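Notes follow the structure.
The values are calculated or read from the model by the stated rules, or taken from the named source; none is laboratory data. Remember, it's a predicted structure, so these values are computed and weren't measured experimentally. Counting neighbours? That spans all protein chains shown, and the Cβs are built from the backbone with ideal geometry, glycine included. We work out accessible area using only protein heavy atoms, side chains counted, and drop any ligands, DNA or RNA first. Shrake-Rupley method; radii C 1.70, N 1.55, O 1.52, S 1.80 Å.
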Amino acid sequence: MTAGLVTYRGVVYPWQCDQVGHLNVMWYVGKFDEATWNLFSELGMTASYFRERNRGMAAVQQNITYKRELFAGETVLVRSRVLEVRNKVIRFLHEMTLTDGGEVAALCDLTGVHLDRGARKSVPLEADVAERARELAVDADDAGAA
């Protein structure tokens, strides 16, 4: 994936590594989670959006593919793109690469559902959010990212 929004930049810290000496899986998930919130913000779902409208997002499926081990001191970049937008659902892909050389370390394919936090039920995405998500999906496709 060469296109997509930059949604996270970070470093692998020694305390994030496990007994084998590489980044523990829980930290991959954490870095992808930070990328998710940055992506949502780009779509218009900011912290104030969630608070003021009593909305939320729930991950209903998450698939991670590990391509390369990461070690202490390495820096990573996550690019994200929208894959699919439905009435209440957004599916997106995160790609984590090394900043030194661009090698892919991991991919995370997520499906999120838009929620009314009070009713604890799924609700349609706001029109402006869905429109922005579709624009980003089109932009990623136009850039040749598949």
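Taking only protein heavy atoms and a 1.4 Å probe, the accessible area of the chain is 49% carbon and sulfur. With the biggest extent put first, the Cα atoms of the chain measure 44, 35, 23 Å across the principal axes. Heavy-atom accessible surface of Asp18, to the nearest 10 Å², is about 40 Å², with a 1.4 Å probe and all protein chains retained.
Ellipticity at 222 nm from helices only: DSSP H runs of n ≥ 4 in the chain, each -39500 (n - 2.57), divided by the residue count, give -9000 deg cm²/dmol.
Accessible area per residue for the range 53-108, computed on protein heavy atoms with a 1.4 Å probe, is 48 Å².
Here the Debye sum runs over all C-alpha atoms of the range 1-74 as equal scatterers in vacuum, and log10 of I(q)/I(0) at q = 0.22 Å⁻¹ comes out as -1.07. The residues neighbouring Leu39, those whose beta-carbon lies less than 11 Å from its own, together hold a net charge of 0 under the Lys/Arg +1, Asp/Glu -1 convention. Once every Cα of the range 69-141 carries one equal point scatterer and solvent is ignored, give the base-10 log of I(q)/I(0) from the Debye formula at q = 0.15 Å⁻¹, two decimals. Result of the Debye calculation: -0.62. Once the Cα atoms are used to define both axes, helix 127-142 deviates from the longest principal axis of the chain by about 40 degrees. Partners of Lys121 within straight-line reach, counting lysines whose Cα lies under 18 Å from its Cα and excluding those fewer than 8 residues away in the same chain: Lys88. Running a GNM on the chain with Cα contacts under 10 Å, which residue among Ser48, Ser122, Ser80 ends up with the highest mean-square fluctuation? Most flexible of the set in this elastic network: Ser48. Across the chain, the relative contact order, built from alpha-carbon pairs under 8 Å that are at least six residues apart, equals 30 percent. Any idea what angle helix 25-42 forms with the longest principal axis of the chain, computed on alpha-carbon atoms, 0 to 90 degrees, nearest 10? Once rounded, one gets 40 degrees. For the range 33-104, applying the loop criterion from DSSP together with a ceiling of 15 other beta carbons within 10 Å to the chymotrypsin sites (Phe, Trp or Tyr not before Pro) yields Phe71.
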